[in-house]
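A short reminder: the numbers here are calculations on the coordinates, not readings from a lab. From a predicted model like this one, the values you see are computed outputs, not experimental measurements. Cβ placement follows ideal geometry from the backbone for every residue including glycine, while neighbour counts extend to all protein chains displayed.
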């Protein structure tokens, strides 16, 4: 008997082991089968940076029911649903621009040619081969699986509702009798004393709902009540509790119609305040700028794209604003001050209370304003004039006065483009033109801008090789002592005769050199050549003279400028007393504290300093008291007014008297007539320069003039 039992046990163990092997083999085969099926159900795609072409296997044609191949991302984006298209575009552009190598999976909707909405998984990975960036992956139809997952999720939610019922508040409503019963836990939210369930009519319950949510609540409820079906529904809204605190609640319930036609609604209320507040916070961070709190680029793209789609005939202006020299503010005062400037800018625009205006921070120091329902260009000009005027005065941040000028570009929908990307690009082009035309101004997009920008590009390209090609030349304009009419020095001026572009005037190429940063190398070249020529002159005569050299905004911000000047003086063994640097007052006012320190370092070297174009910049007389300057130059615009208007003559007299009181020499530039000369002599001006005595001349002529 025992042997029979033993044999049976052995047989059972054998069968059990055999069953396990078969089951494991079945599971393995099932996994392999699923992988094979998924591969068959997927389209393969690939893109590379060299060709910028997108390849998608033929499976995509079956999925979208199309006949033609998809060859680029723009064609692919066309099939993505409107509400998701911009987000997918931003993701793809970011991945390509930053050459992201990580795996990614995007689940989103596409619309096939029969207008059927499908859910897909768009997966991929970046790679780099021989400096070419590749993206490749699969596109899988996820529609049916998502539908099944949603069904399972609904079941799980219902089960969870039953399991977590103890945490929720029971809710029951007899619609015919208009009696609502809410579990006793609701009393602590509404601050209602007593025990037991709360029995109230529907109107009383509605009185606890936050006013902004009430219409949505009624609309949803009426839709459920008017249906002829027994159905589940969910609704989220806020109730107003004690101390006027709003609580988010979620109602999950079912409407039941009895045989006699009576309607009952029963379910549970859940406190979802924490979850909703997190959702609201995430939504705010997604669509609002972290620094300023105003809408961000993502919000702007979504809203304006929707507007174009919803109101294709409505005219609006897209205004692109760049804060001039913002990087300088960050570098000089720190990023906290820079952030404060961004906040003040946003606050100032919002306080103007401009009707039908959307203000967004586009990125960095760039903002975009959208003015809806515009009538004509004059309306936009008036608006921009007011904005520029608002920022004409310094902004005080942490006790520092910061001047904030703006470069602004404007494009008009639909005149300048019917797509958001084109409107942004053209407003940006107009803004760039405003910047190279001197900043603190606005420009409207015009197709002629393309010619201007092409010219600017050619100039920048030419400037990069101008020094190597020996195209940059110096000329020298004499400075004359008025009481003796003797030459006491020269102002160094730069000229550029390009082999490709011909003669390019300084007022055209210098702003481009400054904006591109090329001014640093050109400026150093001018300093070096000026010192070299100055040394040659000093060996020709025993007379003392000054060689005046202009320093630009970009140069004075360069931390190496003082060191370079000192080293170049040493290189040519040149006495620093021969050298004078001219700086415009607008440069000083942009960052007075830091720039004054730079000037003081230059003074320690032994050079003299002149404040150029006085009266045309930000004109703060209080700075004359603390600026380490030796010379003040009266701008030509005032000289032109001599004998023509008394106001200019009064200003000239005042500047001369003030300068002499401060022990400063006065130079009048741009003197062209004898009448101007005679008036300046009577007014006790010290030095003059201008075409009346001499236009700018070459070095050989300058040397003869000085020695003579």
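Could you work out, for segment 453-551, what percent of all Cα-Cα pairs fall into each 5 Å distance bin, beginning at 0 Å and stopping at the bin that holds the largest distance?
P(r) over segment 453-551, rounded to whole percents: 2, 12, 22, 21, 14, 11, 9, 6, 3, 1.
Determine, at each q value in 0.19 (inverse angstroms), the log₁₀ of I(q)/I(0) that the Debye formula gives when each Cα of segment 306-446 is one equal point scatterer.
-1.11
Between 0 and 90 degrees, rounded to the nearest ten: what's the tilt of helix 273-287 against the longest Cα principal axis of the chain?
With both axes taken from Cα atoms, the answer is about 40 degrees.
Which residues among segment 242-268 fall inside the zone where the amide N is under 19 Å from a point 7 Å beyond the Cα of residue 214, along Cα→Cβ?
242-249
So what's the Cα pair-distance distribution over segment 444-503, bin width 5 Å, in %?
P(r) over segment 444-503, rounded to whole percents: 4, 15, 16, 13, 11, 11, 10, 9, 6, 4, 1.
Dividing the Cα radius of gyration by the Kirkwood radius, what Rg/Rh value follows for segment 495-619? Can you show the working numbers first?
On the way: Rg = 15.2 Å, Rh = 15.6 Å.
When Rh is taken as the Kirkwood radius, the ratio is 0.98.
For segment 500-572, state the semi-axes of the equivalent ellipsoid (square roots of 5 times the eigenvalues of the alpha-carbon gyration tensor), sorted largest first and rounded to whole angstrom.
Values: eigenvalues 127, 56, 20 Å².
One finds semi-axes of 25, 17, 10 Å for segment 500-572.
List the extent of the Cα atoms of segment 164-277 along each of their three principal axes, largest first, rounded to whole Å.
43, 29, 28
What spacing in nm lies between the two simple spin-label points modelled at residue 707 and residue 654, each 7 Å away from Cα in the Cβ direction?
In this crude label model, residue 707 to residue 654 measures out at 4.7 nm.
From zero outward in steps of 10 Å, how is the percent of C-alpha pairs of segment 596-708 spread across the bins?
P(r) for segment 596-708, in whole percents per bin: 13, 40, 32, 15, 0.
Which value at 222 nm does the chain reach when only helices count, each DSSP H run of 4 or more adding -39,500 (n - 2.57), with the total divided by all residues and rounded to the nearest 500 deg cm²/dmol?
Working: 26 runs with 329 residues, N = 708.
That calculation yields -14500 deg cm²/dmol at 222 nm.
Taking the Cβ of each residue in 336, 428, 468 as the centre, tally the other Cβ atoms inside 10 Å and list the residues starting with the fewest. All intermediate terms of the calculation are to be shown ahead of the outcome.
Numbers: 336 11, 428 19, 468 8.
Sorted ascending by nearby Cβ count, the order is 468, 336, 428.
Give me the percent relative contact order of the chain, please, defined on Cα pairs under 8 angstrom at least 6 residues apart. Don't skip to the end; give the middle numbers.
Numbers: 1049 pairs, mean separation 43.7, N = 708.
About 6 percent, as a whole number.
Which one, (i) 82, 64, 57; (ii) 84, 76, 51; (iii) 136, 69, 56, gives Cα extents along the principal axes in Å as derived from the coordinates shown?
Read-out taken from this structure: (iii).
Suppose the chain between residue 692 and residue 467 were pulled fully straight at 0.36 nm per residue; how much longer would it get relative to their current alpha carbon spacing?
77.8 nm is the gain from fully extending residue 692 to residue 467.
Roughly what angle does helix 297-310 make with the longest principal axis of the chain, taking Cα atoms, 0 to 90 degrees, to the nearest 10?
In the chain, helix 297-310 runs at an angle near 70 degrees to the longest axis.
Looking at the square roots a ≥ b ≥ c of the eigenvalues of the Cα gyration tensor of segment 92-136, which shape do they give, rounded for a/c under 1.5, prolate if a/b is larger than b/c, or oblate? It would help to have the intermediate numbers written out before the result.
Working: a/c = 3.14, a/b = 2.68, b/c = 1.17.
Prolate shape, in that a/c is at least 1.5 and a/b is the bigger ratio.
So for 237, 578, 572, fewest C-beta neighbours within 10 Å to most, what's the order? It would help to have the intermediate numbers written out before the result.
Working: 237 18, 578 21, 572 15.
The most exposed by this proxy come first: 572, 237, 578.
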